[in-house]
Amino acid sequence: MRFAAYPVLSIAFLALSLSACATYQPMVPQASFVDKVDVELKQDVASPTIGAIVASKTRRESTRYGHSGAPKDLRIAITGLHYKNALQSALIGDANTLGAHVAVFDAVSGKAHGEFDAVAIDQAALNGLAGIMISALQDRNEVDQRLAQQLAANVMEQVYGSAVAKEASQHPPVDHPQPAPAVAPAATSGPKPAAGKAKGPAMAMVSTSAAR
């Protein structure tokens, strides 16, 4: 299924304009961390890997915010992906855009903290002849990486609020976060039970979790 580029692009530009001057209030306490990121594709998109890239970038971006406190889960539904089009760029201007709907849950209780929309826009400044060249020569995998990183940053800012996000942006992300602190189990005299086999992610869903 393909979606109309004009409405999506118009909505994306509007959303980006609003988000550029928006100040987000925190949706979750600062003493928390992102434990799991599930990414679902709500419709067919041109990139077969965008879900995995968004999941990876969001997990990595979340490490700027620490890894202690209450665990939270993010469910991200990709609602639209559009690549800069040569004809549209020449006529009205165009850009690479990525849109998503995000739901935030407490990982322990399952309580919903809220939902919001997020958007990322890339290569919107240059159009006309320059835009035609960009649309023809751009590497879509590199575009996916940039869009996913921008989306991840926007998602985390809306989850933790603009003030915390500004501080977190000064911290380098961690590729392999340390396990979250855990309460030590009571000592037992019997042998330790064998670790259970981890379940794989659900079909058509990309999932990443923090190390336990």
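The values are calculated or read from the model by the stated rules, or taken from the named source; none is laboratory data. What you see is a predicted model, and the numbers here were worked out from it, not measured in a lab. With ideal geometry, Cβ positions are generated from the backbone for all residues, glycine too; neighbour counts draw on all protein chains shown. Remember, those area values only see protein heavy atoms, side chains included, never the ligands or the DNA or RNA. Shrake-Rupley method; radii C 1.70, N 1.55, O 1.52, S 1.80 Å.
With a 1.4 Å probe and all protein chains left in place, how much accessible area per residue does region 35-88 have, in Å²?
38
Could you work out how much longer the chain between Gln138 and His101 gets when fully extended? Use 0.36 nm per residue separation minus the Cα distance between them, nm to one decimal.
Here the answer is 10.7 nm.
Where does the charge balance sit around Pro29 when Lys and Arg score +1, Asp and Glu -1, over other residues with C-beta under 11 Å from its C-beta?
Value of the local net charge: 0.
Evaluate the distance, in nm, between pseudo-label points positioned 7 Å from the Cα of His171 and of Gln43 along their respective Cα→Cβ axes.
Each label point is offset 7 Å from its Cα along the Cβ direction, giving 3.7 nm.
In the structure shown, do any of Lys84/Lys166; Lys36/Lys84; Lys36/Lys111; Lys36/Lys166 have a Cα-Cα gap over 25 Å, and if so which?
Over 25 Å apart, Cα to Cα: Lys84/Lys166; Lys36/Lys84.
For the peptides 68-79, 145-156, 101-112, what is the packing order when you average, over each peptide's residues, the other Cβ atoms within 10 Å and list the highest mean first?
Final packing ranking: 145-156, 68-79, 101-112.
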